[in-house]
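Structure first, commentary second.
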Amino acid sequence: MSMDEVDAKIIEILKADARRPFVEIAKEVGASEAAVRRRVRKLVESGVIRKFTIEVGRPGGASAITLVALEPGAQIKSIAERVKSLEGVNHVYEITGQYDMAVFVEGGSISEVNSTIDKIRSMEGVVGTNTIIILKED
């Protein structure tokens, strides 16, 4: 699908607030509500927009990014699936560089986050981690 500036603006608006009414989006991009609905439907049908989601805040909770190094020859897909199944893991990305995966972890406390990271560290094929605690989200 070929996208134009209006499609890109609609995507940016929806990334910031997936529940934004089409009427408001239409005013912001200078199109009719019907045109915005059609564009969003086409973006979904073409796979440009794969899902609409929400973020859940955890008052008093903790978040971290854990970089994970795997032993040479380790089956990254298999390990990533096991990591994804852990409670508190929100996202798992395969990355390049010194580490093989970046894992976003959330918990009700630092202890919960640490417990999840300990489970990652103990997995077969994991040889090291480097964890970055998120202090503030803007």
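The values are calculated or read from the model by the stated rules, or taken from the named source; none is laboratory data. Model, not experiment: these values are computed from the prediction. Backbone-built Cβ (ideal geometry, glycine too); neighbour counts: all protein chains shown. Only protein heavy atoms, including side chains, enter the accessible area calculation; ligands, DNA and RNA are left aside. Shrake-Rupley method; radii C 1.70, N 1.55, O 1.52, S 1.80 Å.
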Near pairs, Cβ below 7 angstrom, 6+ apart or cross-chain, from segment 72-86 (of a type in the set (A, V, I, L, M)) to any residue that is open to solvent by 90 Å² or more (accessible area, probe 1.4 Å): Ile76/Glu94; Ala80/Glu94; Leu86/Lys119
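If you go through segment 20-37 one residue at a time, do you hit one that is within 30 Å of Val127 (Cα to Cα), among the aromatic types (Phe, Trp, Tyr) and more than 14 Å from the chain's Cα centre (by Cα)?
Initial filter on segment 20-37 (within 30 Å of Val127 (Cα to Cα)): none.
No, segment 20-37 contains no residue that is within 30 Å of Val127 (Cα to Cα), among the aromatic types (Phe, Trp, Tyr) and more than 14 Å from the chain's Cα centre (by Cα).
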Checking Val126 against (1) more than 19 Å from the chain's Cα centre (by Cα); (2) open to solvent by 30 Å² or more (accessible area, probe 1.4 Å), which test does it fail? (2)
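When you check Arg82 against the structure, is it open to solvent by 40 Å² or more (accessible area, probe 1.4 Å), part of a helix (DSSP H, G or I) and at pLDDT 95 or above, yes or no? Steps first, please.
Working: open to solvent by 40 Å² or more (accessible area, probe 1.4 Å): yes; part of a helix (DSSP H, G or I): yes; at pLDDT 95 or above: yes.
Criteria met by Arg82.
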Going through segment 63-76 one residue at a time, which ones are open to solvent by 60 Å² or more (accessible area, probe 1.4 Å) and either under 17 Å from the mean Cα position of the chain (by Cα) or modelled with pLDDT of 95 or more (or both)? Glu71
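In this structure, does Ser115 turn out to be open to solvent by 80 Å² or more (accessible area, probe 1.4 Å), of a type in the set (Gly, Ala, Ser) and either in a helix (DSSP H, G or I) or under 17 Å from Ala62 (Cβ atoms) (or both)? Can you show your working first?
Values: open to solvent by 80 Å² or more (accessible area, probe 1.4 Å): no; of a type in the set (Gly, Ala, Ser): yes; either in a helix (DSSP H, G or I) or under 17 Å from Ala62 (Cβ atoms) (or both): yes.
No; evaluated as a whole, the condition is false for this residue.
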Checking the structure you have, find out if any residue of segment 45-61 is outside any loop (DSSP other than H, G, I, E, B) and buried (at least 16 other Cβ atoms within 10 Å of the Cβ). no
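Here is a yes/no grid of residues against (1) on the phi > 0 side of the Ramachandran plot; (2) surrounded by 15 or more Cβ atoms within 10 Å (Cβ to Cβ); (3) touching a Gly at 6+ places or on another chain (Cβ under 8 Å):
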site: Met3; (1), (2), (3): no, no, no
site: Asp7; (1), (2), (3): no, yes, no
site: Ala16; (1), (2), (3): no, no, no
site: Ala31; (1), (2), (3): no, yes, no
site: Ala34; (1), (2), (3): no, no, no
site: Arg39; (1), (2), (3): no, yes, no
site: Leu86; (1), (2), (3): no, yes, no
site: Glu94; (1), (2), (3): no, no, no
site: Glu106; (1), (2), (3): no, yes, yes
So Ser111 fits all but one of (1) on the phi < 0 side of the Ramachandran plot; (2) touching a residue at least 12 places away in the same chain (Cβ under 8 Å); what number is the exception? (2)
